[in-house]
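*Asks:* Got a structure for you, written out below as structure tokens; questions coming shortly.
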Amino acid sequence: MRFSKYKAITAALTFSVLSLGLFSCSKLDRDYEPIQVSGLNIIQASPTTELLDVYVDNTRANGNTDFEFGNKIGYLSAFSGNRVFNVTKKNNLTSLKSLQHNLTPNLGYSLFVINKLENIELLMLDDNLEKPAAGKAKIRFVNLSPDGGSLSLNVNGATTDLATNKAFKEFSAFEVVDATESTTLNIKNATSGAVETTITAVKLEEGKIYTVYAKGLKANTDDTRFSAKMFVHSNGN
């Protein structure tokens, strides 16, 4: 869905473009074609205490910001077309994992850094940014816990799960839900139905689009332990 259909994302087009070699205004002429850009979220969901950097081509997307577990940057504006993404340890140019992906103009994407550091991966998802109907919001669920097993997402009190039986690296479509001032989101074991973790006091705003993701390791007890996080698909969140 084009950004113009979701005005919160349209604002992201004013961000600095993630590329080098921009030409000066003096080089513009009658043959000039507008630069085509795509929106890009980058989410650090790899359960490690190591600080990371993410590069889009030769540009460090997180700038001078420490990119740690659970962080998100975006929407950034990236040149459309075939781009190369790399994740490295902070201030280290040695790539831990690389991904090539073609970005379509005016569409949104979420790039997740996932898996344990020794097996680190990059997962790119398309973002469906079509605005939900009046009184509604949309939620997508992504299972990014390497040892979490298959998981489901439930809005507290609902008889039907919003997303069901998602294994590691699997994800749902954006599902429509009622907007509400406060609710609890339950991440459940897909086999037993037991609630594994929750996100409480969640406000689902009319017209907003959200991603909920399971992260961390059940085997850990530090800040990389199993939990869930949620973000809204809008500028600066």
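The values are calculated or read from the model by the stated rules, or taken from the named source; none is laboratory data. A quick note: this is a predicted structure, and the numbers were derived from the prediction, not measured. Reconstructed Cβ throughout: ideal geometry from the backbone, glycine too, with neighbour counts over all protein chains shown.
*Asks:* Take the range 52-75 and flag every residue that is part of a loop (DSSP other than H, G, I, E, B), of a type outside the set (D, E, K, R) and surrounded by 13 or more Cβ atoms within 10 Å (Cβ to Cβ). Quick ask: steps written out before the conclusion?
*Replies:* Within the range 52-75, the first condition is being part of a loop (DSSP other than H, G, I, E, B), and the residues that meet it are 57-58, 61-66, 68-71.
Checking the rest, the ones that are also of a type outside the set (D, E, K, R) come to 58, 61-65, 69-71.
Within the range 52-75, 61, 62, 69, 70, 71 meet the criteria.
*Asks:* Also, I was wondering about something else. Take residue 49 and decide whether it is in contact with an Asp or Glu (Cβ under 9 Å, 6 or more places away or on another chain), more than 24 Å from residue 171 (Cα to Cα) and in a strand (DSSP E or B). Spell out how you get there, then give the answer.
*Replies:* Details: in contact with an Asp or Glu (Cβ under 9 Å, 6 or more places away or on another chain): yes; more than 24 Å from residue 171 (Cα to Cα): yes; in a strand (DSSP E or B): no.
Criteria not met by residue 49.
*Asks:* Take the residues of the range 76-104 that are in a loop (DSSP other than H, G, I, E, B) and more than 17 Å from the chain's Cα centre (by Cα): which is farthest from residue 226 (Cα to Cα)?
*Replies:* Within the range 76-104, the first condition is being in a loop (DSSP other than H, G, I, E, B), and the residues that meet it are 80, 90-96, 104.
Now narrow it down to the ones that are more than 17 Å from the chain's Cα centre (by Cα): 80, 90-96.
On the way: 80: 35, 90: 24, 91: 27, 92: 28, 93: 29, 94: 28, 95: 26, 96: 23 Å.
Step by step, filter the range 76-104, then rank; the result is 80.
*Asks:* If you don't mind, another one. Please verify whether the range 64-82 includes one or more residues that are at pLDDT below 95, touching a Phe, Trp or Tyr at 6+ places or on another chain (Cβ under 7 Å) and either among the polar types (S, T, N, Q) or not assigned by TED's automatic domain parsing to the domain that holds residue 106 (or both).
*Replies:* Yes, there is a match, as at least one residue in the range 64-82 is at pLDDT below 95, touching a Phe, Trp or Tyr at 6+ places or on another chain (Cβ under 7 Å) and either among the polar types (S, T, N, Q) or not assigned by TED's automatic domain parsing to the domain that holds residue 106 (or both).
*Asks:* Testing residue 219 on (1) free of Cβ contacts under 8 Å to residues at least 40 places away in the same chain; (2) out of contact with any Phe, Trp or Tyr (no Cβ under 7 Å at 6 or more places or on another chain), one condition comes back false. Which one is that?
*Replies:* Here residue 219 meets the rest and fails (1).
*Asks:* Of the residues 153, 107, only one is touching a residue at least 40 places away in the same chain (Cβ under 8 Å) and under 15 Å from the mean Cα position of the chain (by Cα); which? Working first, answer last.
*Replies:* Values: 153 fails: under 15 Å from the mean Cα position of the chain (by Cα).
On inspection, the qualifying residue turns out to be 107.
Quick grid of which residues meet (1) modelled with pLDDT under 95; (2) in contact with a Lys or Arg (Cβ under 9 Å, 6 or more places away or on another chain):
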| site | (1), (2) |
| --- | --- |
| 149 | no, yes |
| 154 | no, yes |
| 158 | yes, no |
| 165 | no, no |
| 168 | no, no |
| 175 | no, yes |
| 189 | no, no |
| 192 | no, no |
| 198 | no, no |
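*Asks:* Mind counting the residues in the range 104-129 that are of a type in the set (D, E, K, R) and in contact with a strand residue (DSSP E or B) (Cβ under 7 Å, 6 or more places away or on another chain)?
*Replies:* Summing the residues that are of a type in the set (D, E, K, R) and in contact with a strand residue (DSSP E or B) (Cβ under 7 Å, 6 or more places away or on another chain) in the range 104-129 gives 3.
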